[in-house]
Amino acid sequence: MKKPISFLRKLIVPILIVVVWSLFTSGGNAPVYLPSLLSISEELASLIVTDTFIDHIAITLYRCFVGFLIAALIAVPVGMSLGFYKKVMNLFQFVIEFLRPLPSAAVIPIAILFLGIGDSMKIFVIVFGSTWPILINTLDGVLGIEKQYLKTAKVFNVSSRKTLLKVVFPSILPQIFSGFKVSIAISLILAITVEMIVGGNGLGFFILDAERSFQFTQMYAGVFTIGILGYLINIVFIKLEKWIIFWK
Amino acid sequence: MVLLECSGIYHQFDENQILKEVNLSISKGEFVSIIGKSGSGKSTLLDIVNNYLPATSGKVTIHGKASMVFQNYNTSLFPFMNVLQNVAFPFPKLTNEIKKKCQFYINLVGLSKHEKKLPKQLSGGMQQRVALARALAQEPDLLLLDEPFGSIDFQTKNNLQKELLILKDRLNLTIVLVTHNVDEAIFLSNRVLFLSQETHSISNDLSIDLLEPRELVKTTTSNQFNSYKKELLGLYNT
């Protein structure tokens, strides 16, 4: 009985939003830039079967995931090294603290100068923004690792390599995954942002292009698509987390 | 034959003297308990013997191989490894031979049906058995136990202690147990050493001579047991 009630409770806010939105868009006085949910849904249904829209989604997801993957491949080993070796930490601490608070949008002009306006620039910006949550979480994980795990490994004369791979890495997987969940959302946000600023293709470009050509229903359909994608990606990551971190 | 020898062990942490001129000699086959007040350096001494901590000065000689069971079974076992993987963890590779050896010791501690379970699926006592199997799988000459029964319920503790005595004879082990529990120390050991917080060294070395085989009720209610207990408890009040 508890589950249906909790499910119904989750629906209260979305239903309220639909009701308020419908109140605003019903009747003849609705602003032209706020179409009804029904027309947005119809627009989305017709868009989703077109190759062009699918291409926009695909390219945005491609940038988002490639950027995220590169960020993860950089951030996990670097975070582990920083946490493990104090000398490396001292060496990079200033650079990290300097770069970390920089808004990713601020590096876009620099990235354009060096990399042009192609995919490599867009992915670079995503990598820049997505690296930090994974790196900081990995670092925190290593610094907060259960000391008894390391003691056990040392007392049983286990090699540093095995300790790192078989003890430290799985121990900090929950923290790494927390970083992943934040970073994948940032990757999607940055993919959209860069596409809006630089243009070319992708959902960000599609939304801005629709807005500039007064296709407001299409614009909302694009925004809703991002929301749906973000929601689905989050579900996939939660499932992955449960599957990989099976001992929690 | 002397298996463990500590001579002139000093250990200092920051400004605090933890151990001072600790001398200790343990022969093969002995079951020695080290007791003392909290903070007297019992676990530190064990960590030095086990080469986890360096002594500020002094020398530890072990004629053979040592292995250890830690105080907190819930943190010394890896939660992401199953029973077999935990027991095999110290080995460089899990070959068939190693796997069989680990299974033998898992079986020996009565967990043969649980080798694929994760620690969280086991009770506290079972987890401590896994830690014991891991230590035994190293086939040590010297088994070091750091308060292994500290956080286990009474019944499980008694069973584990009985099994430990049987395993000691069966595997011809020499055991050093660190504990704060005087009853446990007397019941299990041939010798009890008192580590003094005042002198930071072993102030008493008491030989325990009780009727064998030791049985919980019979042994712990005997006059001899109580006389040892009285003597050792007296050391806590000095």
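The values are calculated or read from the model by the stated rules, or taken from the named source; none is laboratory data. For clarity, every value in this text was computed on a predicted model and none was experimentally measured. Here Cβ is always computed from backbone atoms with ideal geometry, including for glycine, and neighbour counts include all displayed protein chains. Only protein heavy atoms, including side chains, enter the accessible area calculation; ligands, DNA and RNA are left aside. Shrake-Rupley method; radii C 1.70, N 1.55, O 1.52, S 1.80 Å.
General observations
- Dipole of the stretch B:115-154 [Lys/Arg +1, Asp/Glu -1 at C-beta], most positive-end residue of B:S151, B:A135, B:S123: B:S123
- Cut-off under 5 Å, modelled amide H: who pairs with B:L177 long-range: B:V32, B:S33, B:I34, B:L145
- At least 30 Å² of accessible area lost relative to the chain alone, listed for the stretch B:58-107 with a 1.4 Å probe: B:F70, B:T75, B:F78, B:P79, B:F80, B:F89, B:P90
- Accessible area expressed per residue, the protein assembly as shown, with surrounding protein chains retained (probe 1.4 Å, Å²): 52 Å²
- Under 29 Å, Cα to Cα: Lys pairs in the stretch A:119-204, sequence gap 8 or more or different chains: 10
- Degrees between helix A:51-84 axis and first principal axis of chain A (Cα, 0 to 90, nearest 10): 20 degrees
- In Hz, Karplus ³J(HN,Hα) per residue of the stretch A:11-25 (6.51, -1.76, 1.60; θ = phi - 60°; x = Gly, Pro): 7, 4, 5, x, 5, 4, 4, 4, 4, 4, 4, 5, 4, 5, 9
- When chains B and A come together, the accessible area they lose, probed at 1.4 Å and totalled over both chains, is close to 1900 Å².
- Dipole magnitude of the protein assembly as shown about its Cα centre (Cβ charges: Lys, Arg +1; Asp, Glu -1), debye to nearest 20: 940 debye
- Taken about its Cα centre, chain B carries a charge dipole of roughly 1000 debye when the Cβ of each Lys and Arg holds +1 and the Cβ of each Asp and Glu holds -1.
- Relative contact order (%) - criterion: Cα under 8 Å, at least six apart; region: the stretch A:1-121: 10 percent
- For B:R129, solvent-accessible area (1.4 Å; no DNA, RNA or ligand), Å²: 40 Å²
- The phi-based Karplus calculation (6.51 cos²θ - 1.76 cosθ + 1.60; θ = phi - 60°) puts the 3J(HN,Hα) values of the stretch A:117-132 at 10, x, 4, 4, 5, 4, 5, 4, 4, 5, 4, 4, x, 8, 5, 4 Hz, whole numbers, x for Gly and Pro.
- Highest-MSF residue in chain B out of B:V217, B:V130, B:V83 [GNM, Cα springs under 10 Å]: B:V217
- Taking all protein chains together and rolling a 1.4 Å probe, B:K37 ends up with roughly 50 Å² accessible.
- Our analysis of chain B gives Rg over Rh at 0.97, with the two radii drawn from alpha carbon positions and Rh computed by the Kirkwood formula.
- For chain B, the longest principal axis of the C-alpha atoms and the axis of helix B:124-136 are separated by about 90°.
- Heavy-atom accessible area ranking, 1.4 Å probe, most first, across A:F7, B:F31, B:F104: A:F7, B:F104, B:F31
- Degrees separating the helix A:169-198 axis from the principal Cα axis of chain A, which is the longest one: 40 degrees
- If both residues of a DSSP beta bridge must be in the stretch B:73-232, then about 50% of such bridges are antiparallel.
- Scaled against 2.2 N^0.38 Å for its residue count N, the alpha carbon radius of gyration of the protein assembly as shown is 1.38.
- Amide H to amide H, with H built 1.01 Å from N, B:K20 comes under 5 Å of B:H11, B:S201, counting only residues 5 or more places away or on other chains.
- Chain A: most fluctuating residue of A:I235, A:I108, A:I17 per GNM, C-alpha cutoff 10 Å: A:I17
- Taking a sphere under 13 Å around the Cβ of B:S201 and counting the other residues whose Cβ falls inside, with K and R at +1 and D and E at -1, yields a net charge of -1.
- Measuring between their Cα centroids, the stretch A:119-160 and the stretch A:77-105 lie 11 Å from each other.
- Rg over Rh [alpha-carbon atoms, Kirkwood Rh] for the stretch A:168-226: 1.24
- Rounded percent of accessible protein surface that carbon and sulfur make up, the protein assembly as shown, 1.4 Å probe: 61 percent
- Computed with a 1.4 Å probe on the full set of protein chains, the accessible area for B:E215 sits at about 90 Å².
- Derived scalar couplings between HN and Hα for the stretch A:242-247 equal 5, 6, 7, 9, 6, 8 Hz in order, rounded to whole Hz, by the Karplus curve 6.51 cos²θ - 1.76 cosθ + 1.60 (θ = phi - 60°), x for Gly and Pro.
- A viscosity of 1.002 mPa s and a temperature of 20 °C, combined with the Kirkwood radius over C-alpha pairs in the Stokes-Einstein formula, give chain A a diffusion coefficient of 103 µm²/s.
- The stretch A:158-248, dipole about Cα centre (Lys/Arg Cβ +1, Asp/Glu Cβ -1), debye to the nearest 20: 740 debye
- Two-site label geometry, B:I98 and B:L216: point separation in nm, points 7 Å out along Cα→Cβ: 3.7 nm
- The label point for A:L164 and the one for A:Y85, both projected 7 Å from the Cα toward the Cβ, are 0.8 nm apart.
- As a calculated quantity, the FRET efficiency between B:T75 and A:I235 at R0 = 30 Å, using C-beta atoms, amounts to about 0.35.
- Positive-pole candidate from A:V236, A:S159, A:I186, dipole of the stretch A:128-248, charges at beta carbon: A:S159
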